[in-house]
Amino acid sequence: AASGTGMGLPAAVRDRVAAVHRGSTLSERLRLYDSWAARYEQDVAALEYRAPHLAAASLAFAFPAPRAGARLLDVACGTGLVAWELHRRGFRCLHGVDGSAGMLERARSTGLYQELRLCVLGREPLPAPAEHYDAVTVVGALGEGQVPSTVLPELLRVTKPG
């Protein structure tokens with residue numbers, strides 16, 4: 001184990017992951033995500049985090065080629081890991097929202113999103129009209145202390161029927 005803890009992960013990575021999940025207030029969690037943004041991709045690589053790959057593969061299965069025109073919303077987009085995977089599979093019309101300005105700054109630097117917006121789900125509505133997106137993804141963020149499940153009606157509101 002790299003850290004000598006027997007878990008195979010450096011203690012600092014485990015500590016950063018744990019911190020954002022135990023943050024007591026929303027503003028504290030968002031501050032932690034802002035400060036984690038620069039190391040986030042390196043840390044999740046150490047975790048062998050496969051959710052972005054699996055989500056993009058599932059979406060690609062649901063959308064036969066050509067996919068370039070499908071309008072997708074990446075909720076809690078973070079640094080853009082899901083966008084990389086979607087882009088590899090031919091999706092080009094990607095919009096993202098996240099509550100962390102630091103994460104959005106990293107996502108913007110990828111050049112993969114046509115639109116990025118700061119949005120704290122559960123506190124404010126999505127910045128999109130009804131039935132605007134062909135699909136909406138929320139990868140690794142739906143749950144207590146992150147994106148609350150109470151936002152599901154809002155996600156459905158901006159998604160086209162079918």
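The values are calculated or read from the model by the stated rules, or taken from the named source; none is laboratory data. As the structure is a computational prediction, the values presented were derived from the model and not from experiment. Please note: Cβ atoms are built from the backbone with ideal geometry, for glycine as well, and neighbour counts cover all protein chains shown.
Of G69, G99, G140, all but one fail to be out of contact with any Asp or Glu (no Cβ under 6 Å at 6 or more places or on another chain) and either farther than 25 Å from R14 by Cα or among the aromatic types (F, W, Y) (or both); the exception is G69. Residues that are within 21 Å of A38 (Cβ to Cβ) and in contact with a Lys or Arg (Cβ under 6 Å, 6 or more places away or on another chain) within the range 106-127 comprise just one, L116. Could you check the range 39-55 and list, in sequence order, the residues that are touching a residue at least 60 places away in the same chain (Cβ under 8 Å) and either under 26 Å from D134 (Cβ atoms) or part of a loop (DSSP other than H, G, I, E, B) (or both)? If the condition is that a residue be touching a residue at least 60 places away in the same chain (Cβ under 8 Å) and either under 26 Å from D134 (Cβ atoms) or part of a loop (DSSP other than H, G, I, E, B) (or both), then Y49, A51, P52, A55 are the ones that fit.
Taken together, the residues in the range 113-132 that are at negative phi, touching a residue at least 12 places away in the same chain (Cβ under 8 Å) and more than 15 Å from the chain's Cα centre (by Cα) amount to 8. Restricting attention to the range 120-162, the residues that are more than 19 Å from C93 (Cα to Cα) and in contact with a strand residue (DSSP E or B) (Cβ under 6 Å, 6 or more places away or on another chain) total 4.
Results for (1) among the aromatic types (F, W, Y); (2) surrounded by 12 or more Cβ atoms within 10 Å (Cβ to Cβ); (3) modelled with pLDDT of 80 or more, shown as yes or no for each residue.
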| residue | (1), (2), (3) |
| --- | --- |
| T5 | no, no, no |
| A11 | no, yes, yes |
| A37 | no, yes, yes |
| P64 | no, no, yes |
| C77 | no, yes, yes |
| L81 | no, yes, yes |
| H87 | no, yes, yes |
| F91 | yes, yes, yes |
| L94 | no, yes, yes |
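If you go through the range 35-68 and pick out every residue that is among the basic types (K, R) and closer than 19 Å to T159 by Cβ, you end up with 1. Residues that are under 13 Å from P52 (Cβ atoms) and either modelled with pLDDT under 95 or surrounded by fewer than 22 Cβ atoms within 10 Å (Cβ to Cβ) (or both) within the range 96-111 comprise just one, T110.
Matching residues to (1) touching a helix residue (DSSP H, G or I) at 6+ places or on another chain (Cβ under 6 Å); (2) touching a residue at least 60 places away in the same chain (Cβ under 8 Å); (3) outside the structural domain of L59 (by TED's automatic domain parsing):
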residue: L73; (1), (2), (3): no, yes, no
residue: V82; (1), (2), (3): yes, no, no
residue: L94; (1), (2), (3): yes, no, no
residue: G102; (1), (2), (3): yes, yes, no
residue: E105; (1), (2), (3): no, yes, no
residue: G111; (1), (2), (3): no, no, no
